[in-house]
Structures are given as C-alpha cells and as structure tokens.
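Working notes, beginning with the structure itself.
The values are calculated or read from the model by the stated rules, or taken from the named source; none is laboratory data. Note that the structure is a prediction, hence the values are computed from the model and not measured. Here the Cβ is made from the backbone with ideal geometry for all residues, glycine too, and neighbour counts use every protein chain on show. Remember, those area values only see protein heavy atoms, side chains included, never the ligands or the DNA or RNA. Shrake-Rupley method; radii C 1.70, N 1.55, O 1.52, S 1.80 Å.
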Amino acid sequence: QVQLVESGGGLVQPGGSLRLSCAGSGSIFSINSMGWYRQAPGKQRELVAIVVSSGTRNYADSVKGRFTISRDTAKRTVYLQMDSLKPEDTAVYYCNVYAKITPASSLYNYWGQGTQVSVSS
C-alpha cells in the first residue's frame with residue numbers, strides 16, 4: 001500500500017509563509033505526478049499546484065507567484081512553499097500522488113490525510 005504523510009500546516013498571519021511536506025512510502029513503481037489540492041469549508045476540492053514526471057509545474061491562478069511546488073524524487077517527497085499567504089488560502093491541504101504500484105497496474109490517485117492551513121490575524 002502507498003502511504004502519504006503530510007506535515008507543515010498551521011496558523012499564520014496574513015503575509016506570512018508556511019512550507020508543507022508530503023512523504024510517500026510503500027510500494028511505488030513509478031510516479032506520474034505529485035501535487036497539492038485544497039478544500040475550504042463549503043467548497044469543492046481544488047488543485048493548487050502539480051509537478052509531473054517531466055518536471056513541468058502548473059499552478060492555480062490564485063496562487064501563481066506566491067506558491068512554489070518542488071519535489072525530491074529519491075525521497076518520494078513533494079513540498080509546497082507558500083508565501084504571502086492570504087485569508088482566502090485557509091483550507092485543508094491534501095497531498096496527491098498519481099502513481100503505479102507495479103509495472104502492470106493502472107495509475108491510481110493516492111491521497112494524504114490532509115493538513116489544516118489557517119491564515120488569520
């Protein structure tokens with residue numbers, strides 16, 4: 001089984017920074033993409049940032065220029081550096097890995113347990 005363990009959430013004032021980490025463990029054959037999603041109360045889960053196997057990165061328009069996604073492939077870890085945080089960034093942030101566990105298996109979405117990010121003065 002694949003497990004994703006997130007860390008780094010918390011409470012921060014507007015304009016502050018946080019860094020989220022997500023470490024993957026278990027039987028992973030190959031990773032197609034790693035990313036971060038978020039879900040605010042009463043809203044649908046949305047993509048925040050994603051990095052695909054080629055290294056290409058994509059961001060939601062709302063976080064471009066403020067958030068940076070990076071990865072350590074050897075450690076199967078993905079990071080999200082969040083700067084200039086705003087109250088509207090408040091949400092539960094979920095790590096996502098789209099991967100195969102064997103050469104013959106299908107790609108499957110794996111999710112972390114979520115970490116709360118709260119931006120408030």
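Of all residues assigned to segment 98-110, none qualifies as being closer than 16 Å to S7 by Cα, in a strand (DSSP E or B), in contact with a Phe, Trp or Tyr (Cβ under 7 Å, 6 or more places away or on another chain) and of a type in the set (A, V, I, L, M).
Among the residues of segment 67-121, those identified as over 19 Å from M34 (Cα atoms) and acidic (D, E) are D83, E88, D89. T68 meets the conditions (1) in contact (Cβ under 8 Å) with a residue 24 or more places away in the chain; (2) open to solvent by 60 Å² or more (accessible area, probe 1.4 Å); (3) under 14 Å from S21 (Cα atoms) in every case but one. The failed one is (1). Among the residues making up segment 17-65, a single one is open to solvent by less than 20 Å² (accessible area, probe 1.4 Å) and among the polar types (S, T, N, Q): S33. With respect to (1) farther than 20 Å from V2 by Cα; (2) β-branched (V, I, T); (3) in contact with a Cys (Cβ under 9 Å, 6 or more places away or on another chain), the lone exception for T68 is condition (3). Of the residues making up segment 71-101, those that are free of Cβ contacts under 8 Å to residues at least 60 places away in the same chain and open to solvent by 60 Å² or more (accessible area, probe 1.4 Å) number 6.
Mind listing whichever residues of segment 102-121 are open to solvent by 60 Å² or more (accessible area, probe 1.4 Å) and of a type outside the set (S, T, N, Q)? Within segment 102-121, P103, A104, L107, Y108, W111 meet the criteria.
Residues to consider are S17, S62, S33, S54; find the one that is touching a residue at least 12 places away in the same chain (Cβ under 8 Å), of a type in the set (S, T, Y) and within 29 Å of A104 (Cβ to Cβ).
Working: S17 fails: within 29 Å of A104 (Cβ to Cβ); S62 fails: within 29 Å of A104 (Cβ to Cβ); S54 fails: touching a residue at least 12 places away in the same chain (Cβ under 8 Å).
Going through S17, S62, S33, S54 in turn, just one is touching a residue at least 12 places away in the same chain (Cβ under 8 Å), of a type in the set (S, T, Y) and within 29 Å of A104 (Cβ to Cβ): S33.
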